[in-house]
Structure formats: structure tokens, C-alpha cells
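Right, I'll just put the structure down here and ask away after.
The values are calculated or read from the model by the stated rules, or taken from the named source; none is laboratory data. Model, not experiment: these values are computed from the prediction. All Cβ positions, even for glycine, are placed from backbone atoms using ideal geometry, and neighbour counts span all protein chains on display. Just the protein is used for accessible areas: all its heavy atoms, side chains included, with ligands, DNA and RNA removed. Shrake-Rupley method; radii C 1.70, N 1.55, O 1.52, S 1.80 Å.
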2 protein chains.
Amino acid sequence: MIKVTEDNQYVELTSPTILPKASGFLWNEKMMIHVNCRGYAVAQFMQPEPAKYSYAPNLEAKTFMQPEQPYYAHHPGRFVYIKDEESGELFSAPYEPVRKQADEYTFAVGKNDIHWRVVQDDICIEMSLRLPKEEVMELWRVRVTNLSSRKRKLSIYPYFTVGYMSWMNQSGSYVENLQSIVCSAITPYQKYQDYSKIKNYKDKTYLLAEHKPVSWEVNQESFEGEGGLHAPSALQADTLRGGDALYETPVAVLQYRLELDAGAEQEYRFVFGPAHDEEEIERIRQHYFLKKNENGQDGFTAAEQEYADYVAAGQGNIQIETPDGWLDNIVNHWLPRQMYYHGKTNRLSTDPQTRNYLQDNMGMSYIQPQIARAAFLTAMSQQQISGAMPDGIILHPDAELKYINQIPHTDHCIWLPVCLKTYLDETNDYSILEERVSFADSEQQASVLEHMNLAMRWLIHERDGRGLNYINQGDWCDPMNMVGYKGIGVSGWLTIATAYAFNVWADIAEQAGHAEVAGEFRQEATQTNAVANEYLWDGNWYARGITDDNVVFGVSTDVEGRIYINPQSWALMSGAADQEKREKLIRAVEEQLESPYGVEKLAPSFTSMREDVGRVTQKHPGSAENGAVYNHAAAFYIYSLYLVGEKERAYRLLRKMIPGPNAEDIIQRGQLPVFIPNYYRGAYRQFPRTAGRSSNLFNTGTIPWVYRCVIDGLFGLQGHPRGLLVRPQLPEDWNKASVTRLFRGAELHVNMEKDASVEAMEVYVDGQRIDGDMITDIQAGTTYDVLVKLPL
Amino acid sequence: MIKVTEDNQYVELTSPTILPKASGFLWNEKMMIHVNCRGYAVAQFMQPEPAKYSYAPNLEAKTFMQPEQPYYAHHPGRFVYIKDEESGELFSAPYEPVRKQADEYTFAVGKNDIHWRVVQDDICIEMSLRLPKEEVMELWRVRVTNLSSRKRKLSIYPYFTVGYMSWMNQSGSYVENLQSIVCSAITPYQKYQDYSKIKNYKDKTYLLAEHKPVSWEVNQESFEGEGGLHAPSALQADTLRGGDALYETPVAVLQYRLELDAGAEQEYRFVFGPAHDEEEIERIRQHYFLKKNENGQDGFTAAEQEYADYVAAGQGNIQIETPDGWLDNIVNHWLPRQMYYHGKTNRLSTDPQTRNYLQDNMGMSYIQPQIARAAFLTAMSQQQISGAMPDGIILHPDAELKYINQIPHTDHCIWLPVCLKTYLDETNDYSILEERVSFADSEQQASVLEHMNLAMRWLIHERDGRGLNYINQGDWCDPMNMVGYKGIGVSGWLTIATAYAFNVWADIAEQAGHAEVAGEFRQEATQTNAVANEYLWDGNWYARGITDDNVVFGVSTDVEGRIYINPQSWALMSGAADQEKREKLIRAVEEQLESPYGVEKLAPSFTSMREDVGRVTQKHPGSAENGAVYNHAAAFYIYSLYLVGEKERAYRLLRKMIPGPNAEDIIQRGQLPVFIPNYYRGAYRQFPRTAGRSSNLFNTGTIPWVYRCVIDGLFGLQGHPRGLLVRPQLPEDWNKASVTRLFRGAELHVNMEKDASVEAMEVYVDGQRIDGDMITDIQAGTTYDVLVKLPL
């Protein structure tokens, strides 16, 4: 089995199963490779830091979700193996790891649960997942139904990945009195100062069962044996082995044996999640399974209900019914859900980027405006007295600016007026401008009005002699870290965006009675637009910027990165583009950036490094910022089209952002249409095979802008200090649409109809025609019937 | 296939194969979970930083190898699929991923190659891996032999993992003119300052083939299809698909189709590794496959030979032949190989820990002492003028102290005399003491003698009022970061080790003619030993230390961590322990720390946190520093036993460190005996099931100490300024042993025999009996026959 060769050159093994991890290593001056008898290998070389060329299928444990992340056999998952005790046949639900094609299969992504229904050989497995509202845990139901006309003997084995918890300390066992598998780990730390943090971590992973299992397995390796995850050796035995995992990879597998008469069913419930200690698991067991509330519900059922209520509270403020049923579905159900997620969780970050934080809360203005209000004040309390906004907003006393938030970006001030505008439109709460807020670097307090003025003046100050805004190491959306790191290069987009921000702020100030401020920034906006037209207009579109070496880029002479969407959208918004320029740039975008999956961020995608631009050019062509259909940017283009009345084009592009209803489109995107991802793969003209694929990431600033496009643009039901503006931009082929609009406590049932008999829009409120396009004097608590007649 | 439910609550999918990545997400106030239609899930919660409770099977991409690391289906590997084109039967070599039991199987770990021989259905696959000496690449041969008596039609498919290279930019394609699969990636970076580093990285991974393949596949997902890695869908087709990977996980698979007559064979060769660009791959192709040298060898064959020569140059300076053939095998072949690896590569680190760097080079004193000499000078040039040694030695201009090297440890000065001693014993090069070396924090230069004095005086200075050495945030081998972080707690081991270091330094100084220095430190040693006996002797053994709160620990009243090996070993070495204490502590070690797999580091292993000790108590019981058979520490105990003449016990424990020759032992360790790992799992008395398992990590300071035990202890052939001391400590049941000892350029053939006719050892050189136990006047270039007669 194991021997040394005669010449002492080798030690030999003659079976890979008796010593499955047997390995050897080779090294040379610059590398080492550790090779396993079964073919596995770890190779590392120095350049000078350790590097790899053959990679494991995932990234480090602590990053956030990655775009288009790959799955692989041992990817974490929640599965149930089902064994027919008579035939020995095995399958798994939902599909992995056995991958047996089911007779019937449904995966249903819902608003407050996700469930599956899988039928195989007349056994139906229904699995559902819900969360409680506050606690960190998964609530699982597994129901087994015998659809056949005979009695069936089955074993079912819930298999929940625990995985490689820690190289420092990991173990697992079944704890009888908790009816739980409990796996323990300790978060690695080096510095003693970190101990006080990690000591309170929820480092245990438990699978708590409502029903007592027949047997269990907590050791990944013992479970799989030579069969592997698709046919685990442990499932060949009558019962699982029990035992423990001692510094071995833990897993949570339970076995239930059941005999089901024809038509009978049995349900199992589980709680899976992290805990600090066994006492906590005991409390969870008591609460979720053992005790009942006054309605006779246990905590599990009550938590499911509470969570449904929680999600339901996140409804938006329009419900629509249009000729486009798919749009109705998305706008009525999924968009507000995704917007609510952003507003409630701030993307589960302790230091959200300032622009994200402001835009996520702009979205919250449509759902729970009091949360948005508080967030705007929090953000401004972290402003510097110079007017500069930080790169991230600290939301937790222990939080620090991390990752990208340590790299200075120059755009954060832009978002203050832009996002505040929506809050004011919805609430008319101009009193926020009088709130007094402190600064990050001063004891001093100032009103929000003054904070905003400071932010705007900071933008004026951070400009070169021509009046173009410095880009520094980045602005927004295109991480161009080398355009202006020497402090000379400028951003075309940021300059134009500044003009837009000035205009928006001037509007706000004017409405709030600060005519002088309004005048000042209106003039600044005009001047900035003039500067943009002088230095950035390339003949058919606006350039993206000018580098430290005074090279204008994002222009017609560039082979890659010839045109960027953001300067075009914002030039429509800021008023920089006159009618002629508008037409030219819209045509250029159509020709170069529009694709079957939406508007791309830039084109052609960079296929190699452009050193005077920087990081975006290192991204994969068509991915993320390098030529993707970056929905956040695309949403701004749609918004800008509505602003200039390009309603047909705007609607067409809006619909491209929402995959479906045809299956081919959904399949090409690779994503069920329950959220808008941060991007679809672009570079359509260069790499059509992969174009349109979803990033599968649901964190994105896109959502509130799409919602705003729908409210302010498509249906034109935008708030105003004096009431509700009515300026619909329905597409040509819609004859009618109805919208229930929740607005400042009132409910407006708005019916829009195209009518050959009208020449111009007519608005009727409770049957009475009103003058103009503003519904005024709207009373909270009242319901209004609004009829909008539109010319054909 | 995809539909929205009537109530608009769900979007449903009715087949997991048409949209295999379809997913949904749920979130609540503190967590989110992203669930895939097939059961995969990514869940994350905040505490307050993002954390997991269901983990992927590996750690982040850039850590070094982890102990006892788990393998899993998609672990990186190098495999060959073999398909019988007539029967359609599939198997894989070496074993994964198909896992078909072979008819014959051999995995052979050699000194300069690793190879397999796998026979299945009369097809023999031989795979071998070698490295070149300097370049970062793998040299693979795959030979297919038809062992049957009929013609066979086969396809073979080398499958080399490329994997998830980067979330920023990854792709792969087959490059016709390079006859290579070339996969490209860009190392992610955020700060523009990092670009200048990453731009020169070897970020491409290539598989270069000598023979043109019939077809290829570079897309992991297309290759596997629904079949999975154990039965890839792509192998069902006649040829592979070709195509590319565009921001999709790349893989390198080639197909060769061959018809082999009975007995015929065909060999394929491949180069696999990282490259900067295609030009580099072209150069490699030219050099390794296309051009031939003056001997008619291509670069591939020449590199294999050069590498064999390179490894062969790392021979040690003893070759032994004893009644213990297994020991002979390990000492003659594998120990020097592992020692050479350490000395040549410094563990592939740019900032090796100071103690590791010094000990690895202590080992190099036996192989290439000029490398050791330079390393000692490098280390001392990074000493501070205060005498303090840094935590890590910077070996590259761009290197920084990382990870553990940023945490202050107090033991580094200890290793200077301890390691230098071996260099001096081997070379007699006392001139090194006169070398002038600068400091890290001063322009000043000083002789090595002065550097050493400063280091010793730093140890005297860093003590409390009792004369016990502060531990600060750690000393050695037991990362006890909370014993003394307040600056009060002291280390028992370090205090005792200081006494030993003083004695060693006094010996060296005395030999070099510095009697005053010798006297000074001899006296310091005596005093330190007295202090140790006063404060640390617990009645039967020495305590490990005294905490900031003045709690003595590692003592009989402790329930866990009652006894630590290091203070005991070093008390034998330093002379602190008199005869009575020696006997007591050796008995205590036997009773509490010895196990079938060697001496444990401490016992009982900690099963929960002891906050006044710190991190070691958080390690898994029996793992790494928490009660493992930590071979480095165990080697010191063996060394100390030889120093006090406990030869039987020393030999017994030495043999426990070398698994084998019986297969059961090797299998329990889980490791082929080609290297000594840094630890075997301990906690034998608490968790016997897992005790003895190898960490599988081959980086360890153990090796030079085992070698030193063999040379200075077992065979007693230690260098001395005046020649070679002969003081063997052969175990009772050996009647003879022979050793070829290379020593200062001479070759001594030493035969040791037990002889009933002698009362005391007699030494004969070239037939002439010498007085005493010192062979003097040894001439380089000369061969000596030495006979050592030992009493029974």
C-alpha cells in the first residue's frame, strides 16, 4: 500500500482511497506546488507577493457578493436528499446535488418567501424559505407528500452547508437537548485589540429541527465518502453515522424516516442561522417551536406572518394598470420591494458610499419619507465645514471607511440637491431646510440650507482655470482613477452634473423663498453649461473628460471608450444641450450605445488598458463599468429623455431594463425578473454572445431612478409645492392607463385616456375640470377621482 | 417555463436547466440571503461587519496554505479524462474527478518529481510533474500505453483547473499559433498607486501543448454542463466545443484522439503556469519544445535534468546506515530535501519571521553554509541599535511586514546565538564575528560580536523587577497575546531560553577569545536560571509564565494548559534544572504530554477561552499551538534530552515524529512520509479519534533541529573549533551504525560498533586510536575511516 522505492527516490502509495489526502510538494526558486494523490493541487508563486495561476472557484470569505458569481459543486446550499427506502432510488430537491431531472419542478420567488415544488416518482417535495423581521435566521419548511396511490417508505435528509468555517477552530456535533446540530467556530484574529470584537460574534451555526431526527451527520467528509456530493456514501447506510466534526469541515445533515399513505403528507420545519452560544439556540427553540402566543401560533408561524407584514409595509406610492401587464407587475410589486430593501438595509454596509446612501434614501422618500429625512440629516452631519462630503457615511460607531471609500471621489456633493428634490416633491416638507445640523470637523451648526450652499460652493471651488471640475481619483459610476490623480485632469460629466445640481438647488431655494440663493446658482448653472459647451462638445456628443495631460477623451477620435452615456444624459438634464445638440447626441447614443438590453455605459468597451484613464479600462469588456448596460446610468438617460419629452424612446429603453415577459429574453439575462440588477453585460457589438447577462447583483442605485422615471416621466404625476403636477408621457400605442397615486396622505385614482375629441390635455378632479396641469389643495385622508383626457 | 402567479406574489420558473442561475433574495433588518433555483445560497449578516454562517469550502485566494485543508469537488487540480471511443467508458487519472477505482494505481512522491501510474481496463496512464529550477511553471508528461492485446481507440482530455481568476477581468481562449490555451485576468486593485505593481504581474494562465490537440474547451460551465465534473457533458460529444470564456470561469481542457496498437504508447507533454503576455508564452514554447540544445535535448527535457541537479545539490552532510532502515531513508533523503527547501525559498515569503529566517538558515549551515552566513548578516543589519530584533526580515525592497509580523514578539534575539552556533560548529568560521554590519535605525556600523552583545543586553533590559522576561504580545510557538499585553506579564519559557542563549553566546565568545564577554554572560545565565527556579518551578515542572495580573500559569492547579513543553525542554538546555528537577519534569512530560504521535505542546488542550492567556486558547483543541504535537517544540525536547544524555527516550520520540514504516500509522497521520509537517493533531487524551493527523504543512522550523538532533545527539558527530567531537548516543538495541559525515571539506566514514570488550568509547582514525573524543586536524579534501567502539 505504501512503500519506498529501492533507489530511495520515491515514496509510493498504491490506493487513493486508503490515504485520500496523501500529497507531495515540489518547489523551485520562485514557486511551490503541493500535489495530492487524487490530482488536487495548490500552487503559489511570488511576484513578489504570493500569487496563483490555478484558482479555487470562489473569492475570500468576507467580500460581498460578486457579480455573475459562479456556482460549483460545493457551493453553499440548502438541499434535501430523498431516498425511497424500498427501491433505494435517490433524488434531491431543489435539484442539486443529485441533479436528477424532476417530473415537475417549480421555483417560485416571492415577495416574502422563496419556495420550490419538486415532484419525482410521485413524491412531492415542497420547500419554503422565509426570514423573520429582525433576527438573523432562515425559517425553512419542507413538506413531503405522497402523490402515488400506494404507501411509501422514505428517508429524507435535509442537507445544509456549514462549510469551512475557520482555520482557527471549528467543530460540530448534534446537541440532543437542543434538537439541533451546532457547529462552532472562532473568527481568526491576530491582534489582541480585536478580541473584544470577536468575542461577542455569533460564531456558531445551528440547524434547529422541530422534529426529532432518526440520525444525523455533521462531518462533511464522512457524509460524502467516495460517493461525492451527488451520491453521498453515507446515504447508502440505513442510518447516518452520528459522530462529530473535530477541526474537520462541518455539515448539517439530518435523517427523517417516514411512511406515508397514499395522499398523505408530512411537514418538517427548521431554523438555520448563526448564534453566539447554546443558550441563544435554546431561546430560539423555545420561542420558535415550543411556546405559543395568544393566537395559538408558535413563534415560527408568527415570524413568517410578521415578515410578510414587514415586506408589505414597503409598498410604493403608485399602483398602475396599463396595456403593458408586465410593466404593471414590475412597478406594482417588485420595484418598490427592491427600493424598500435598499432603504431599510443600506445594502448591509456600515459605511455606504455617500452617493448610494443619498439615492437609496431618495427611494425611501416614496415609501417612508421620515426615514429619508433622517438620512439626509445624518449625511449632512458628516459634511466638512469646507462643504466637502465624505466618501462614505458612517452608520455604526465602530464602522470605518473601507475599500473604495478610502479613495477620494469628487461627486458626492452633487447628490444632495438631486436626491433632496424627490423628498421635497413627495412631502413638501421644506422645513427640513431650516434644520440645524453639525459638521464632521467642527462643533459649529448650520441650517440645511447653509449646508447645501456650502456643498454647492465646494463644487465651484474644486475647478480648474477653465471652470471644469477636477476628477481627482474618480467621480461616479466609471472608476477612472488615473484621469486626474495628479490634480489636473477634469471630469466632463461632473462639470455638467454640477450645472444640473445648481439648477435643482436653485429651484428648491426659490420654492423655499430664498430668491438670492436661487439667483446665484441659476447663474452658476448657466455659466457652467457654457463652459461645458466650450470645452466638452465634440461635434456630436459631449466628451467624458480631459486628462492630467490635457487629452480630451470620450470623443470621436477614440477607438475605444469613444462615447460615454453619463455626460449625454446629464447634458439633457442640465440644459447644456440645445435642441440641435440634443438631437445629435440622442442619435449618437442610439447608434453607438443602444443595444437590445439597454443603453451601454460606454462604447466600444476597452479591451486593453488605457493608462491615462485607469481602472475602468481594466474591467472585463462589457462587464460592470466597462461598457455594461449599467442600469443606474441607463436610468438617468431614460430620466433625461423624459425631461426633454422623448417619451417613445424613454419608454422603449425603460422596457429593455425589465427583462421579460418572453422567456428567451429572461434566459439570455440569466435572471428571474424580480429585481433589476446593477448591470446587464454590454459590449453588444463586440461580444454579442454574452451581452445581456445579468450581474445578479441587486444592490443598485438604479431603482429609485426607475421609479422616478415612472412617476415623474411616464405618468407625469410629480409633486410640487402647490400640489400634484399632471404631465403624462404615455407612449403612442397606449390608449389608456390608470394609476392609484398615494400623495401626501391622499389617494388619487387617476384614469388617463386618449380621446380623439380633445386637442390638449384636460384634467378632471372628482368630475370637475381644473385649469392647467396642477391639482392643488389636496387633503390628506381624502380620495380623489382624477380623469386625464389626452389627445391622440 | 417562467410565469407570474395570478396574485402577483411570485415569479415562477419550471425547469432548473433552462435558467440555471435563476435566483431570488430575501432580506431583513440584519441579513440578506440570495437563493438560487438549484439550492445554492449566499447568506450574509452584520455584526457589524459582514459575516457568514454557511461558508464556501475555502478561504480567500491570497492566504498561504492552510493546515489540514479540505479538498472538494472543484478544488484546483490537474486531471486527465480518458474515454474509450468504442465503448464510451470514461475514467480519469489520477483518480478525481470520476473516482473510478483503478485496476492498478501508484502515486509516487519523489525528490524531484511526482508521478502516477493508473491502469484501468488495460489502459495505462502515467502522469508526471516536474518543475524547472528558476521559472514558474509546471512540466507535465502524460503517457498512454495500451496494455491490451488489441488496438484501442481513445480520446484523452487533460483537464487543468484555471478557475475563478478575478472578478475584475477574466477570459480564456485557445491561441492557435501558440498551441496553447491562454486565460487572462487582471489582479483587482483600487488605488492608482497599486497599478504600477499589478501592471507587471503574470496574470495570464496558459496550458502549452507539445502536440496539437483535436479540440479544446476553455469554458468551465460549458465543459461540465449538467453532467458535472465527475461526468462532464462536453465529453459526450465527438469533439469539444472550442469557443471561449468571456468573463466566465475559464478552464484548460484539450482533447487528443489516438489509436494505439497492442502494446503501443504515446506521450504528451505540457507546460502549465502563469505568464505576463503572449510573447512570454511564445518564448517558452520556443525554448521548451521547439529548440534543441547542443545535446539534442529540448528545453523541457533539459529543464527536468537541471531541476534534478538542483535538488541533488541540496544533500545533507550525513549519510547513515543503521538497524533502522526507515530512519536511514528519512535522514538520507527527505530531511535534507525539506531543509534545503526552507533555506532556498525562505518559505516563499518576502518577510519571513525573524526566528524562522534564522532557523531555516541554521539548517542551511549543513548544506550551503555561505547562504547561511549571508542570511545571518542580513538579519543583523535589520537589528535596531537598542539590540532589538524586528519581527520579520525584509527580503525584497517592496516587501512590508505583514500579518503576524506586525505584532510585537519578544523572542527574536534568542535565536541569534542559538542558530549561529550550528554555523560555527560546521564551518569554524569565527571570522564572521568580526564582520561589520549596520543597523536598521542608524548609519553606524558594528561588528557581529557587538551586534550579538546588544541583542543579549536587550534581553536583560526587557525584564521586570524579579528578572523575568516580559512577554508583551507573544514570544514563540504559543501565540499568547493576552498574557502580557499590558506590559507586566512575563514569559517563563523566554526567561529560561534567555539563560540558554547567554550560555551559548558565552561559549561562542570564549572560543573566539573574548573571555570577558564570556564571563559576563555566563554569570547572567547562572543568575537567570536561579530566577527561573525561584519563580517558575511548580514542584514537578516549570510554569509557562505569569500574567499581567500576576497569575502563574502552566502549573498543576490549572485544569487546562496545565503543562507546556517549551519551558521544560529549555530548562534542560539552559541548566536551570538540576538532576532532581530533570527527573521530575521528564516524568511529568511523559505522563501528561507524550502521546503515540510525539510530545504535545501543552496539555490538557484548551477547550474554551482563557482570557488572561489569549489566542492559543482559541485554537481548536489539538490543533496548531493548542495541544498539537507541534514538531518544532517536540524537536527541542528531543534535543534537550540528548543534551542531558536521555538517549533512549530521545530516540523513541524522534521516531514518533517520522511516520511509518507501518501503514496504519501513516494512514492515521494522513500523509506520505516525505516531509515532517509542522504539527500532528494532539489532544490525544481528550480527542483520540483525530490525534496524530498531519497538518500537511511542510513549512516548519522543525527540520534543522531534527537534523541537529541526529548529528549532535544520536550520532554525536558535532563540530568544534578544534575538530569533530565524537559522542554517539546510539539506542540500546543498536549494535552498530555507520555514518558518512561531510565536515569542513573532508569526508569521514564513521563506523560505530558496540563491543563487549571495551569499557569506554574508543575512537580510531584510519586505524589509529586517538586520545579522547575529538578528531582534530581534519584536512579538507581528505577521506578518513573512523571506527568508534562503544561499550555494550
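Over the Cα atoms of segment A:559-713, what radius of gyration and what Dmax do you get, in Å?
Just the Cα atoms of segment A:559-713 yield Rg and Dmax of 14.7, 42 Å.
Find the Rg to Rh ratio for segment B:292-431, where Rh is the Kirkwood radius over alpha-carbon pairs and Rg uses the same atoms.
Taking Rh as the inverse mean 1/r over Cα pairs, Rg/Rh reads 1.07.
Further question on the same structure: Could you tell me the relative contact order of segment B:649-740? Use alpha-carbon pairs under 8 Å, at least six residues apart, and round to a whole percent.
17
What residue among A:GLY598, B:PHE687, B:GLY88 has its Cα farthest toward the positive end of the dipole of the protein assembly as shown, where the charges are +1 on Lys, Arg and -1 on Asp, Glu, each on the Cβ?
Going by the Cα projections, it comes out as B:GLY88.
Relative contact order for chain B: what percent, with Cα pairs under 8 Å and sequence separation of 6 or more?
This gives 8 percent for chain B.
Hey, for A:SER608 with labels 7 Å out along Cα-Cβ, what do the inter-copy distances come to in nm, ordered shortest first?
Those separations, rounded to one decimal, come out as 6.3 nm.
Please give the length that would be gained between B:LEU395 and B:LEU377 if that part of the chain were fully extended, namely 0.36 nm times their separation in residues minus their C-alpha to C-alpha distance (nm, one decimal).
That pair, B:LEU395 and B:LEU377, stretches by 5.2 nm at full extension.
Mind giving me the nanometre distance, one decimal, between the label points for A:ASN751 and B:ASP194, set 7 Å out from Cα along Cα→Cβ?
For A:ASN751 paired with B:ASP194, the spin-label model returns 6.0 nm.
Within 13 Å, Cβ to Cβ, of A:ARG544, how many net charges do the neighbouring residues add up to if Lys/Arg are +1 and Asp/Glu are -1?
-4
May I pose another question? Which value, in Å³ per residue, describes the convex hull spanned by the Cα atoms of segment A:454-536?
In segment A:454-536, the Cα hull volume divided by residue count equals 85 Å³.
Note down the Stokes-Einstein diffusion coefficient of segment B:159-224 in µm²/s, whole number, using a Kirkwood radius over alpha carbon pairs, 37 °C, and 0.692 mPa s.
So the translational diffusion coefficient is about 247 µm²/s.
Then there is this: Taking 20 °C and 1.002 mPa s as the conditions, I'd like the Stokes-Einstein D for segment A:150-306 in µm²/s, using the Kirkwood hydrodynamic radius from alpha carbon pairs.
The estimated diffusion coefficient comes to 125 µm²/s.
Tell me: how much accessible area in total is hidden between A and B, 1.4 Å probe, Å², nearest 100?
Using a 1.4 Å probe on protein heavy atoms, the buried area is about 18500 Å².
Tell me, what is the FRET efficiency for B:LYS291 and A:ILE18 to the nearest 0.05, using R0 = 45 angstrom and their Cβ-Cβ distance as r?
So, using R0 = 45 Å, E works out to roughly 0.55.
Per residue of segment B:680-695, in order, report the coupling 6.51 cos²θ - 1.76 cosθ + 1.60 (Karplus, θ = phi - 60°) as ³J(HN,Hα) in whole Hz, putting x for Gly and Pro.
My calculation for segment B:680-695 gives 9, 4, x, 6, 4, 6, 9, 9, x, 4, 9, 4, x, 5, 6, 5 Hz in order.
Further question on the same structure: Give me D for segment B:703-761 in µm² s⁻¹, whole number, from Stokes-Einstein with Rh from the Kirkwood sum over alpha-carbon pairs, 4 °C and 1.567 mPa s.
Calculated translational D: 105 µm²/s.
How far apart, in nm, are two points set 7 Å out from the Cα along the Cα-to-Cβ line at B:ASP328 and at B:SER431?
About 3.9 nm separates the two model spin labels.
While we're here: Just to check I understand the Karplus step: with θ = phi - 60° and J = 6.51 cos²θ - 1.76 cosθ + 1.60, what whole-Hz values come out for segment A:189-196, glycine and proline as x?
Using θ = phi - 60°, the values come out as 8, 10, 8, 4, 4, 7, 4, 5 Hz.
Taking every DSSP beta bridge that has both residues in the protein assembly as shown, what percent is antiparallel when rounded to the nearest 5?
About 95 percent, rounded to the nearest 5.
Same structure again: Check B:SER623: other-chain or 5+ apart residues with amide H under 5 Å from its amide H, H built from backbone geometry?
It is B:ALA628, B:GLY682, by chain and number.
Another question about this same structure. Do the sum for chain A: with -39,500 (n - 2.57) for every DSSP H run of n ≥ 4, divided by all residues, what is the mean residue ellipticity at 222 nm, to the nearest 500 deg cm²/dmol?
Helix contribution divided over all residues of chain A: -7500 deg cm²/dmol.
Looking at chain A only, what percent of DSSP beta bridges run antiparallel? Nearest 5 please.
95
If only Cα atoms are counted, what is the Rg of segment B:663-792, and what is its Dmax, in Å?
Final numbers for Rg and Dmax: 19.1, 56 Å.
Of the accessible area of the protein assembly as shown, with the probe set at 1.4 angstrom, what percent is carbon plus sulfur?
That fraction is 46 percent.
Cα convex hull of the protein assembly as shown: mean projected area in nm², to one decimal?
Directional mean of the projected Cα hull area for the protein assembly as shown stands at 63.9 nm².
I've got another one for you. Just to confirm, what accessible area per residue do you get for chain B at 1.4 Å probe, in whole Å²?
33
Quick one: putting +1 on the C-beta of Lys and Arg, -1 on the C-beta of Asp and Glu, what dipole do you get for the protein assembly as shown around its Cα centre, in Debye to the nearest 20?
Using Cβ point charges on Lys, Arg, Asp and Glu, the protein assembly as shown gives about 860 debye.
Sequence gap at least 6, Cα distance under 8 Å: using those rules, report the relative contact order of segment B:103-186 to the nearest whole percent.
Answer for segment B:103-186 is 16 percent.
Roughly how big is segment A:398-551's charge dipole about its Cα centre, with Cβ charges of +1 (Lys, Arg) and -1 (Asp, Glu), in debye to the nearest 20?
For this selection, approximately 420 debye.
So which DSSP H runs in chain B come out at 24 Å plus along the axis (Cα) with average Kyte-Doolittle of at least 0.0?
Flagged H segments are B:492-511.
Net charge within 11 Å of A:LYS647 by Cβ-Cβ distance, Lys/Arg positive one each and Asp/Glu negative one each, not counting A:LYS647 itself?
0
Evaluate the Debye formula for chain B with equal point scatterers sitting on the alpha carbons, no solvent, and hand back log10 of I(q)/I(0) at q = 0.11 Å⁻¹, in q order, two decimals.
Taken in order of the listed q values, log10 I(q)/I(0) reads -1.33.
Averaged over A:95-102, how many beta carbons belonging to a partner chain fall within 10 Å of each residue's beta carbon?
Average neighbour count from other chains, rounded to a whole number: 5.
Give, as ranges by residue number, the residues of segment A:591-624 whose backbone N falls under 20 Å from the point 7 Å along Cα→Cβ of B:ASP277.
The answer is A:606-621, whose backbone nitrogens lie closer than 20 Å to the label point.
Run the 1.4 Å probe and let me know the accessible area of A:HIS632, rounded to the nearest 10 Å².
Accessible area of A:HIS632: about 10 Å².
So for the protein assembly as shown, taking the charge dipole from beta-carbon charges (+1 Lys/Arg, -1 Asp/Glu), which of A:ALA312, A:VAL613, B:LEU459 sits furthest toward the positive end?
In the protein assembly as shown, that residue is A:ALA312.
Would you work out which of A:GLN779, A:GLY716, A:PHE675 lies farthest towards the positive end of the dipole of segment A:675-792? Charges go on Cβ: Lys and Arg +1, Asp and Glu -1.
A:PHE675
On the principal axes of its Cα set, how long, how wide and how thick is segment A:493-532? Give whole Å, largest value first.
Sorted largest first, the three principal extents are 29, 13, 7 Å.
Net charge near B:TYR268: determine it from the other residues with C-beta under 9 Å of the C-beta of B:TYR268, scoring Lys and Arg +1 and Asp and Glu -1.
For residues surrounding B:TYR268, the net value is +1.
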